[in-house]
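The values are calculated or read from the model by the stated rules, or taken from the named source; none is laboratory data. Keep in mind that this is a model prediction, so the values were computed, not measured. With ideal geometry, Cβ positions are generated from the backbone for all residues, glycine too; neighbour counts draw on all protein chains shown.
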Amino acid sequence: MIHSDAKAEYVCTGPRVGLRPFRPEDGPEFTRRARESRELHHPWLFPPTAQAEYEPYASRLTGEDPGRAGFLVCERDGGAIAGFININNIVRGAFLCGALGYGAFAHAAGRGLMAEGLDLLIGHAFGGMALHRLEANVQPGNTASIALVRGRGFRLEGLSPDFLFIDGAWRDHERWAITHTDTRQRYSQR
């Protein structure tokens, strides 16, 4: 299912993509794209590939849990879902931080759509969401993901051994981060 470009749905927009919240009716397209992208995602990422998995996943990202916010990266020309960016473990108070989880779908990989989407998300996180810091924890061998965050201005802060349990084992992750202070000019609220 392809959705029309409805600006009112978008939290923010760029020249080629817009960010919008997950919706229940996105399940069929999201899960189809996830199934088509299994080879691209393995062994780094395992988004829902069936409607029964999508429903609780999307529900957690759309207001049920104040510690999470999820956004679909959609092509403005036709509305196809290009990928997703989630902010997990949002902490308020003195920390004002969230941890990113993200993935491009195979049909959109290598086209710069996720870079544009992450730029939009950073502007929204530091603007409307009033966060100060975003973190991305990336497995050292995931060169595409590292290039994405590095290209957006994230800095490498270190290595966390056995950080997350993924694909049946505890995996090391590099810690990448960016703060609002680092990027005031580049990521002003759009």
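Yes or no: G153 more than 26 Å from E29 (Cβ to Cβ), in contact with a Lys or Arg (Cβ under 8 Å, 6 or more places away or on another chain) and assigned to a loop (DSSP other than H, G, I, E, B)? When the stated conditions are applied, G153 passes them.
Here's the yes/no breakdown for (1) within 22 Å of D167 (Cα to Cα); (2) surrounded by 14 or more Cβ atoms within 10 Å (Cβ to Cβ); (3) charged (D, E, K, R); (4) at pLDDT 95 or above:
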site: R20; (1), (2), (3), (4): no, yes, yes, yes
site: G27; (1), (2), (3), (4): no, yes, no, yes
site: T31; (1), (2), (3), (4): yes, yes, no, yes
site: A34; (1), (2), (3), (4): yes, yes, no, yes
site: S37; (1), (2), (3), (4): yes, yes, no, yes
site: H41; (1), (2), (3), (4): yes, yes, no, no
site: F46; (1), (2), (3), (4): yes, yes, no, no
site: A50; (1), (2), (3), (4): yes, no, no, yes
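On inspection, V149 passes the criterion of being buried (at least 21 other Cβ atoms within 10 Å of the Cβ), modelled with pLDDT of 95 or more, closer than 18 Å to G14 by Cβ and β-branched (V, I, T). Just one of the numbered conditions (1) in contact (Cβ under 8 Å) with a residue 24 or more places away in the chain; (2) of a type in the set (A, V, I, L, M, F, W, C); (3) farther than 23 Å from P43 by Cβ is not true of L118: (3).
Taken as a whole, the structure leaves E157 outside the set of residues that are on the phi < 0 side of the Ramachandran plot, in contact with a Leu (Cβ under 8 Å, 6 or more places away or on another chain) and of a type in the set (D, E, K, R). Against the numbered list (1) part of a loop (DSSP other than H, G, I, E, B); (2) closer than 20 Å to A147 by Cα; (3) not small (G, A, S), T49 comes up short only at (2). Only one entry of A130, A136, A144 meets the criterion of being on the phi > 0 side of the Ramachandran plot, in contact (Cβ under 8 Å) with a residue 24 or more places away in the chain and among the aliphatic types (A, V, I, L, M), and that entry is A130. Can you name the residue in the stretch 109-146 that is among the polar types (S, T, N, Q) and in contact with a Phe, Trp or Tyr (Cβ under 8 Å, 6 or more places away or on another chain) and is also surrounded by the fewest Cβ atoms within 10 Å (Cβ to Cβ) among such residues? Of everything passing the filter in the stretch 109-146, N142 is surrounded by the fewest Cβ atoms within 10 Å (Cβ to Cβ). If you filter the stretch 75-102 down to residues that are aromatic (F, W, Y) and touching a helix residue (DSSP H, G or I) at 6+ places or on another chain (Cβ under 9 Å), you find that the one that is farthest from P15 (Cα to Cα) is Y102. Among residues of the stretch 168-190 that are closer than 18 Å to A115 by Cβ and surrounded by 10 or more Cβ atoms within 10 Å (Cβ to Cβ), those with a Cβ under 8 angstrom from a residue that is modelled with pLDDT of 60 or more and of a type in the set (F, W, Y), sequence gap 6+ or separate chain, pair up as W176/F154; A177/F154; I178/F154; T183/F126; Y187/F126.
Of the residues S4, S59, which is modelled with pLDDT under 95, surrounded by fewer than 18 Cβ atoms within 10 Å (Cβ to Cβ), of a type in the set (S, T, N, Q) and closer than 25 Å to F165 by Cα?
Details: S4 fails: closer than 25 Å to F165 by Cα.
Result: S59 is the single residue among S4, S59 that is modelled with pLDDT under 95, surrounded by fewer than 18 Cβ atoms within 10 Å (Cβ to Cβ), of a type in the set (S, T, N, Q) and closer than 25 Å to F165 by Cα.
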